[in-house]
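Working notes, structure below.
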Amino acid sequence: MFIKLVENRPPKEYAEPAAADISYDDIAEGESPATYEYDLLPSGALRILKVTKGEAAVVDSIYAPGLWFRVHGQWHGNPE
């Protein structure tokens, strides 16, 4: 999953363009492989979910409506 954050925003640690991109990499190996999916809350906030097969999705991160610009990845709730 890839998230593009808006360019003009605090805090200072996001001032460089490279820091404005966030990636969530699926966990393919190990005891519990997992994928990252997203959905939107009614407020427009972007919610990132960690989904492990056979378990309930867990909220990993939430980005305020004015912080994120674009997201590319798996929408939570798609049938497998």
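Residue count for region 64-76 under the criterion of being open to solvent by 70 Å² or more (accessible area, probe 1.4 Å) and touching a strand residue (DSSP E or B) at 6+ places or on another chain (Cβ under 6 Å): the result is 4. Of the residues making up region 64-76, those that are in contact (Cβ under 8 Å) with a residue 40 or more places away in the chain and either assigned to a strand (DSSP E or B) or within 19 Å of ILE27 (Cα to Cα) (or both) number 7.
Taken as a whole, the condition of being in contact with a Leu (Cβ under 9 Å, 6 or more places away or on another chain) and at pLDDT below 95 does not apply to ARG47.
The values are calculated or read from the model by the stated rules, or taken from the named source; none is laboratory data. Because the structure is predicted, anything quoted here is derived from the model rather than measured. No Cβ is skipped: glycine too gets one built from the backbone with ideal geometry, and neighbour counts run over all protein chains shown. Note: areas computed on protein heavy atoms with side chains; ligands, DNA, RNA excluded. Shrake-Rupley method; radii C 1.70, N 1.55, O 1.52, S 1.80 Å.
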